[in-house]
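The values are calculated or read from the model by the stated rules, or taken from the named source; none is laboratory data. Keep in mind that what you see is a predicted model, and the values were worked out from it rather than measured. Virtual Cβ from ideal backbone geometry, glycine too; neighbours counted across all protein chains shown. We work out accessible area using only protein heavy atoms, side chains counted, and drop any ligands, DNA or RNA first. Shrake-Rupley method; radii C 1.70, N 1.55, O 1.52, S 1.80 Å.
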Number of protein chains: 2
Amino acid sequence: MRNVTVAAAQMGPVAQTETRAAVVDRLIVMLEQAAGHGADLVVYPELALTTFFPRWHFEEDAELDAYYEREMPGPETAPLFAKAKQLGIGFSLGYAELTPDGRRFNTAILVGPDGALLGKYRKIHLPGHRENEPWRAFQHLEKRYFLPGNLGFRVFDGFGGRVGMCICNDRRWPETYRVMGLQGVEMILLGYNTPIHNPPAPEHDRLSWHHNTLVMQSAAYQNATFVVGVAKAGMEEGVHHMGGTQIIAPTGETIASAVTEGDEVIFAECDLGLCKSYRESVFAFERHREPDAYRLITGTKGCVSPEEAVLIDPALGHED
Amino acid sequence: MRNVTVAAAQMGPVAQTETRAAVVDRLIVMLEQAAGHGADLVVYPELALTTFFPRWHFEEDAELDAYYEREMPGPETAPLFAKAKQLGIGFSLGYAELTPDGRRFNTAILVGPDGALLGKYRKIHLPGHRENEPWRAFQHLEKRYFLPGNLGFRVFDGFGGRVGMCICNDRRWPETYRVMGLQGVEMILLGYNTPIHNPPAPEHDRLSWHHNTLVMQSAAYQNATFVVGVAKAGMEEGVHHMGGTQIIAPTGETIASAVTEGDEVIFAECDLGLCKSYRESVFAFERHREPDAYRLITGTKGCVSPEEAVLIDPALGHED
């Protein structure tokens, strides 16, 4: 038995005017609640420290910069780090990162129970668009405000197992989980901010919860890993963000769920040994995967015609 | 509107002693039923013409050979082809293929409404094992009786859209669907024979239906395609095969389901235009995929350590 008690700390809305100090206070309240239930690890959402600012188009860099962290921990986040270390609990936290040389990333870090930085991830699948599109009820300017992550989908040793991270839109792409699965990941920590309404395709809005659960459950099963999906939820600055925070086992079953759209901590004691039963049978990659048939996955970014596909993978033109 | 009415023709068990002629009669009964409901296309299961023979270890090749087709159509399957052509209905059919030069494949073909062969697929992800394992309640010797398919995951023009095929265990691997998704597939035809009991991991048996629906629904959504999953179901020669035949829309919703474990035809009128709404928004591959981060997927067959992963994809070792 390698048991990890993980807490998913869903957040309710963060107002544009809410200070970092006030948000950090909320995070600490949930940290203490998690500690009271014996948690080893607390998972916070994507961009947890501020409102979901990519919904606005900012003309001025200075206005935009206010949402980014220049150091981690910084003066405003240090109390969270101190409290976690004092309680002996690890955590993962999503935030907007501004590097000393001016690059912007949508980032998550993994901190050990002793306060050590165990890992960092920068969001790879940036959704949305680059230019202001005034016809939308609200913007989704992640492609404008962040560079695609440059650290890959890594895994990190910690909490008695192998832990990975991804962020929000990454969860819709099976490639995300597979790259970590191929490194033996046992628990994937995944914060998100997902408006229920998607302006370019409002016909999908009714399916937000179905899709959220579907992509995380299938990934957990197909990669023999726990998945901890954590929302920033509720009505934030006029935009309704979905909740759906849940902890999923390698069976593809949701084993804990949030039931509100506010700050809410849910828990599960996860036996990382459960991954093995899938990884050594139906998903024994080394026996059953057939990567020679997968060349198109890395060979093209977008759709190609069957004729173009043969140029990328000649096996697709093989006769008999 | 590009509407295709597809029929999923689930089969009940086929006894070891049942003749090809008797099975073909059953297929024709379902074909006529489908025609009566205006079907354009009928999808039959994997290895539809015989009992699921990989459950036995055969000492003699002659005994094994009895389950394979040397030509398609052959004398026993010709009536199916003739009736389909007469009714103007296309179909896909799974069967064991023995080539003139002695190679064995687990194969499916796609036949147009005019009787023309539109496409062929040979199963790539062969489950099970190679050697007789007497401790099992029954064998699963697909790795012994078939070569891995050598035709890749192709797509074919037909029925007013772009159609692909895969077989049984292929459906558990997200790579299967993605390779077809990258070629713009709009409908994936997928026959299967799945014993509920998996001897090496009986702890998963209770989840057969959950996993079956989960992998097909997530794939339909993530690749903006219809998926038609068709079982050979019921108690066949003492082994209980799951049903769960269903037709799934690009929304990730099951839109038609079988409710028996016998011969049963279910239908759906599928608007292939529905694929577009996903393919041009959340799953606009050309805007949102990040194949530079996927190198491990084609770079290794089995799990690797994080250290080995960096050798395959140096980006995983990138500093800041």
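Data overview
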{"read-out": "Sole residue being among the small types (Gly, Ala, Ser), over 17 Å from A:Ile167 (Cβ atoms), open to solvent by less than 20 Å² (accessible area, probe 1.4 Å) and not in a loop (DSSP other than H, G, I, E, B), chosen from A:Ala34, A:Ala39, A:Ala21", "value": "A:Ala34"}
{"read-out": "So B:Lys301, is it in contact with a Pro (Cβ under 6 Å, 6 or more places away or on another chain), modelled with pLDDT of 95 or more and not assigned by TED's automatic domain parsing to the domain that holds B:Leu207", "value": "yes"}
{"read-out": "So A:Glu280, is it within 7 Å of another protein chain (Cβ to nearest Cβ) and charged (D, E, K, R)", "value": "no"}
{"read-out": "Criterion: within 19 Å of A:Leu182 (Cα to Cα) and either β-branched (Val, Ile, Thr) or in contact with a Pro (Cβ under 8 Å, 6 or more places away or on another chain) (or both) - qualifying residue of B:Glu237, B:Glu308, B:Glu290", "value": "B:Glu290"}
{"read-out": "Hey, B:Thr245 among the β-branched types (Val, Ile, Thr) and within 14 Å of chain A (Cβ to nearest Cβ) or not", "value": "no"}
{"read-out": "Residue match in region A:66-82 (condition: closer than 23 Å to A:Phe153 by Cα, at pLDDT 95 or above and outside any loop (DSSP other than H, G, I, E, B))", "value": "yes"}
{"read-out": "Count of region A:307-317 residues which are open to solvent by 70 Å² or more (accessible area, probe 1.4 Å) and either among the aliphatic types (A, V, I, L, M) or at the interface with chain B (Cβ under 7 Å from one of its Cβ atoms) (or both)", "value": "1"}
{"read-out": "Residues located in region B:99-117, provided they are within 14 Å of chain A (Cβ to nearest Cβ) and surrounded by fewer than 18 Cβ atoms within 10 Å (Cβ to Cβ)", "value": "B:Thr99, B:Pro100, B:Asp101, B:Gly102, B:Arg103, B:Leu117"}
{"read-out": "Residue that is more than 10 Å from chain A (Cβ to nearest Cβ), out of contact with any Ser or Thr (no Cβ under 6 Å at 6 or more places or on another chain) and open to solvent by 20 Å² or more (accessible area, probe 1.4 Å), where the choices are B:Asp320, B:Asp292, B:Asp263", "value": "B:Asp263"}
{"read-out": "Of all residues in region A:178-223 being in a loop (DSSP other than H, G, I, E, B), more than 10 Å from chain B (Cβ to nearest Cβ) and not charged (D, E, K, R), the one that is surrounded by the most Cβ atoms within 10 Å (Cβ to Cβ)", "value": "A:Asn193"}
{"read-out": "Pick from region B:153-182, criterion of a type in the set (Phe, Trp, Tyr) and within 17 Å of A:Ser305 (Cβ to Cβ), ranking: farthest from the chain's Cα centre (by Cα)", "value": "B:Phe156"}
{"read-out": "Breaking point among (1) within 8 Å of chain A (Cβ to nearest Cβ); (2) surrounded by fewer than 19 Cβ atoms within 10 Å (Cβ to Cβ); (3) touching a Gly at 6+ places or on another chain (Cβ under 9 Å); (4) not in a helix (DSSP H, G or I), for B:Val304", "value": "(2)"}
{"read-out": "A:Thr254 vs. criteria modelled with pLDDT of 95 or more, under 15 Å from the mean Cα position of the chain (by Cα) and within 14 Å of another protein chain (Cβ to nearest Cβ)", "value": "no"}
{"read-out": "Test result for A:Tyr67, free of Cβ contacts under 8 Å to residues at least 60 places away in the same chain, open to solvent by less than 50 Å² (accessible area, probe 1.4 Å), in contact with a Ser or Thr (Cβ under 7 Å, 6 or more places away or on another chain) and more than 21 Å from A:Ala116 (Cβ to Cβ)", "value": "yes"}
{"read-out": "Residues (crowded, with 24+ Cβ neighbours inside 10 Å and away from chain B (no Cβ under 12 Å)) located in region A:224-241", "value": "A:Phe226, A:Val227, A:Val228, A:Gly229, A:Val230, A:Ala231, A:Lys232, A:Ala233, A:His241"}
{"read-out": "Criterion: at pLDDT 95 or above and surrounded by 21 or more Cβ atoms within 10 Å (Cβ to Cβ) - qualifying residue of B:Ala48, B:Ala15", "value": "B:Ala48"}
{"read-out": "Residue that is nearest to A:Pro291 (Cα to Cα), among those in region B:283-301 that are in a helix (DSSP H, G or I) and under 23 Å from the mean Cα position of the chain (by Cα)", "value": "B:Thr298"}
{"read-out": "Residues within region A:113-134 that are touching a Cys at 6+ places or on another chain (Cβ under 9 Å) and farther than 23 Å from A:Asp170 by Cβ, tallied", "value": "0"}
{"read-out": "Members of region B:51-64 that are open to solvent by 60 Å² or more (accessible area, probe 1.4 Å) and under 19 Å from B:Lys123 (Cβ atoms)", "value": "B:Trp56"}
{"read-out": "Residues satisfying the stated conditions in region B:146-156, i.e. open to solvent by 40 Å² or more (accessible area, probe 1.4 Å) and either more than 8 Å from chain A (Cβ to nearest Cβ) or β-branched (Val, Ile, Thr) (or both)", "value": "B:Leu147"}
{"read-out": "Out of A:Gly128, A:Gly160, sole residue that is in contact (Cβ under 8 Å) with a residue 60 or more places away in the chain, open to solvent by 10 Å² or more (accessible area, probe 1.4 Å) and farther than 30 Å from A:Pro200 by Cβ", "value": "A:Gly160"}
